[in-house]
Amino acid sequence: MTVLGIDLGARRIGLAVSDAEDRIAFPAGVIASKGPKADVGAVAELARERDVRAVVVGLPIHMDGREGPEAKAARQFAERLAERSGLPVELLDERWTSREAERVLAGSTSRRKGRRDKGRVDEAAATILLRTWLERQPTEGPR
């Protein structure tokens with residue numbers, strides 16, 4: 001069983017999954033956003049297909065700590081996903097994930113343009129978010 005990391009966006013949802021031991025986060029693609037209800041359904045189905053045991057959703061908080069409409073949408077998404085999937089869903093501050101993803105990808109030798117690049121940033125941001133969450137988990141004994 002794995003953990004699913006989610007970077008919500010207005011156009012795309014970046015995805016990442018952990019390994020079975022919850023030690024490493026891997027990019028898992030993107031889903032085109034089709035609205036809150038459809039997005040929750042798509043992610044719940046993906047979680048079922050991938051035998052996910054928990055979900056981490058990025059919470060977009062402003063640098064000064066305020067929450068805007070995107071944070072409210074992330075909270076609603078997480079609540080609906082928990083109801084629909086029956087899985088535990090946690091929120092994690094994602095203030096730096098997209099910037100870190102852009103920085104990491106800027107050093108990449110593959111320089112794609114347009115939507116593919118943006119999708120790669122969303123996927124990388126989800127991976128960084130999940131990696132952060134995994135690193136914060138207790139490591140007492142086997143997971």
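Looking at the range 45-69 only, could you name the residues that are in contact (Cβ under 8 Å) with a residue 60 or more places away in the chain and not β-branched (V, I, T)?
If the condition is that a residue be in contact (Cβ under 8 Å) with a residue 60 or more places away in the chain and not β-branched (V, I, T), then G58 is the only one that fits.
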Self-check item: Conditions (1) of a type in the set (D, E, K, R); (2) part of a loop (DSSP other than H, G, I, E, B); (3) touching a helix residue (DSSP H, G or I) at 6+ places or on another chain (Cβ under 6 Å): number failed by R80
Solution: (2)
Quiz item: Of all residues in the range 45-69, which are over 14 Å from the mean Cα position of the chain (by Cα) and crowded, with 16+ Cβ neighbours inside 10 Å?
Solution: I61
Quiz item: Looking at (1) crowded, with 20+ Cβ neighbours inside 10 Å; (2) at pLDDT 65 or above, which is the one condition that is false for A101?
Solution: (2)
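Could we say that A42 is in a helix (DSSP H, G or I), buried (at least 18 other Cβ atoms within 10 Å of the Cβ) and out of contact with any His (no Cβ under 9 Å at 6 or more places or on another chain) here?
Values: in a helix (DSSP H, G or I): yes; buried (at least 18 other Cβ atoms within 10 Å of the Cβ): no; out of contact with any His (no Cβ under 9 Å at 6 or more places or on another chain): yes.
Considered against the rule, which asks whether it is in a helix (DSSP H, G or I), buried (at least 18 other Cβ atoms within 10 Å of the Cβ) and out of contact with any His (no Cβ under 9 Å at 6 or more places or on another chain), A42 comes out as no.
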Quiz item: Filtering the range 2-39 down to residues that are of a type in the set (D, E, K, R) and under 18 Å from E94 (Cα atoms), which residue is surrounded by the most Cβ atoms within 10 Å (Cβ to Cβ)?
Solution: D7
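Would you mind finding the one in A32, A44, A10 that is out of contact with any Asp or Glu (no Cβ under 6 Å at 6 or more places or on another chain), modelled with pLDDT under 95 and among the hydrophobic types (A, V, I, L, M, F, W, C)? Steps first, answer last, please.
Details: A32 fails: modelled with pLDDT under 95; A44 fails: modelled with pLDDT under 95.
Result: A10 is the single residue among A32, A44, A10 that is out of contact with any Asp or Glu (no Cβ under 6 Å at 6 or more places or on another chain), modelled with pLDDT under 95 and among the hydrophobic types (A, V, I, L, M, F, W, C).
The values are calculated or read from the model by the stated rules, or taken from the named source; none is laboratory data. None of these values were measured; they are calculated from a predicted model. Here Cβ is always computed from backbone atoms with ideal geometry, including for glycine, and neighbour counts include all displayed protein chains.
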